[in-house]
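First the structure, in the form of structure tokens, and then the observations on it.
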Amino acid sequence: MNFVVQPVSAAQAAEAARLGGAASLEQAGERAYRLRGGTANPAVLAYAKAQRFDLAAVGEGRRFADLKLLAMDMDSTLITIECIDEIGDLAGNKAEIATITARAMRGEIDYANSLRQRVGLLAGLGTDALQRVYDERLRLSPGAEALIAACRKHGIKLLLVSGGFAFFTERLKQRLGLDYTISNELEFAEGKLTGGLVGPIVDAEAKAARFREVAQALGAAKDQTVAIGDGANDLKMMAEAGLSVAYRAKPLVKAQAHCALDYSGLDAVIALFE
């Protein structure tokens, strides 16, 4: 088995290779190295934890340029915030909403019911509140633009999936040149949030279904797809992908993903491939 370690110095990579008994060590990207023929034994795992770097098992001979579809979650994945929590801050009840969000992302409560409950707490806010969150608080995760640029270079289509809101996904789609989106639609009346949603809720199954739909339309085999997420409602989509990446994710998600990135930026996904 091969492993990629990142973000590390050359010295850290060499020590990881020694501890893991790697046959060879190759640079795989900026501060990323591929350990060929090593093992993720307790010594190298302990070293990775102590030095705070990511160690991911990767298949041999898989090329980034051969991918056809890369999908990612929005909140706390493509972007650093949970939009609904920040909207809630402007409504004066961020703590209550954030608590519900965290429980939903850990898989402790039903996502659809949690979303209805949280959206209900936003009733009365205007579109200006959402625009403020987009303008003042929304930031791309480290490495996001580099990953998107690499996908553009190789003709890999980009799908943004979100249990959040179209107000944000559609702006990001236009801004970043994304190909596909799926998200929830907030209900407005006279320019104010009603506390309700329009149409069916985008939950875990809806994310997975959209992923399958796009992959099929592109003629993408499973090993030509990647899905990146952080919460329990991403797991069904991630299970559909040839490579699933847990990005700064909840323990439940890291346990089920092919690999986890806790310290790297999103561009670390590129280094997982040859």
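Scan around A71 for amide H atoms under 5 Å from its own, H built in the peptide plane at 1.01 Å from N, and keep only partners 5 or more places away or cross-chain.
When sequence neighbours closer than 5 places are left aside, the close amide H contacts are L159, V226, A227, I228.
Once amide H atoms are built 1.01 Å from N in the peptide plane, which residues 5 or more positions from R62, or in another chain, come under 5 Å H to H?
For R62, the qualifying residues are E274.
Can you run phi through the Karplus equation (6.51, -1.76, 1.60; θ = phi - 60°) for region 92-101 and list ³J(HN,Hα) in whole Hz, with x for Gly and Pro?
x, 9, 4, 4, 5, 5, 4, 5, 5, 4
Using per-residue counts of other Cβ atoms within 10 Å, averaged over each peptide, order 12-18, 222-228 from highest down.
Numbers: 12-18: 19.6, 222-228: 21.3.
The packing order, highest mean first, is 222-228, 12-18.
Can you give the relative contact order of the chain as a percent, counting alpha carbon pairs under 8 Å and 6+ residues apart? All intermediate terms of the calculation are to be shown ahead of the outcome.
Numbers: 543 pairs, mean separation 61.9, N = 274.
Rounded, it is 23 percent for the chain.
Express in nm, to one decimal, how much length is gained between K49 and N93 on full extension, taking 0.36 nm for each residue of separation and deducting their alpha carbon distance. All intermediate terms of the calculation are to be shown ahead of the outcome.
On the way: separation 44, 0.36 × 44 = 15.84 nm, distance 3.59 nm.
Full extension from K49 to N93 adds 12.3 nm.
Hey, what do the phi angles of region 39-50 turn into as Karplus ³J(HN,Hα) couplings, whole Hz, using 6.51/-1.76/1.60 and θ = phi - 60°, x for Gly and Pro?
Karplus-based 3J(HN,Hα) across region 39-50 equals 10, 8, 7, x, 5, 6, 5, 5, 5, 4, 5, 5 Hz.
Taking the Cα-to-Cβ direction at Y263 and at N41 and moving 7 Å from each Cα, how far apart do the two end points lie in nm?
2.1
Name the long-range amide H neighbours of I79: under 5 Å, sequence gap of 5 or more, or other chain; modelled H, no Pro or chain starts.
Those qualifying (amide H under 5 Å, at least 5 residues apart or on another chain) are S141.
Please report the antiparallel percentage of the DSSP beta bridges confined to region 64-274, to the nearest 5.
On the way: 6 of 26 bridges.
Bridges in region 64-274 are about 25 percent antiparallel.
Using the Karplus curve 6.51 cos²θ - 1.76 cosθ + 1.60 with θ = phi - 60°, what ³J(HN,Hα) values do you get for each residue of region 136-147, in whole Hz, with x for Gly and Pro?
So the J values, rounded to whole Hz, are 9, 10, 6, 10, 6, 5, x, x, 4, 5, 5, 5.
Would you mind putting 247-258, 60-71 in packing order, based on average other-beta-carbon counts within 10 Å, highest first? Don't jump to the answer; show the numbers that get you there.
On the way: 247-258: 19.3, 60-71: 17.1.
Those peptides, ordered most packed to least, come out 247-258, 60-71.
For region 1-60, just say rounded, prolate or oblate: build the C-alpha gyration tensor, square-root its eigenvalues into a ≥ b ≥ c, call rounded for a/c under 1.5, and beyond that prolate if a/b exceeds b/c, oblate if not. All intermediate terms of the calculation are to be shown ahead of the outcome.
Numbers: a/c = 1.40, a/b = 1.04, b/c = 1.35.
Note, shape of region 1-60 comes out rounded.
By a straight-distance test (C-alpha under 27 Å), which lysines pair with K207 as possible cross-link partners, with residues fewer than eight away in the same chain excluded?
Within the straight-line limit of under 27 Å, K207 reaches these lysines: K68, K94, K153, K157, K173, K222, K236, K250, K254.
Compare Y134, Y111, Y47 in a GNM of the chain, Cα atoms joined below 10 Å, and give the one with the largest fluctuation.
It is Y47.
Values in this text are rule-based calculations from the coordinates and carry no lab data. Since the model is a prediction, treat every value here as computed from it, not as a measurement. As a convention, Cβ positions derive from the backbone with ideal geometry for all residues, glycine included, and neighbour counts pool all protein chains shown.
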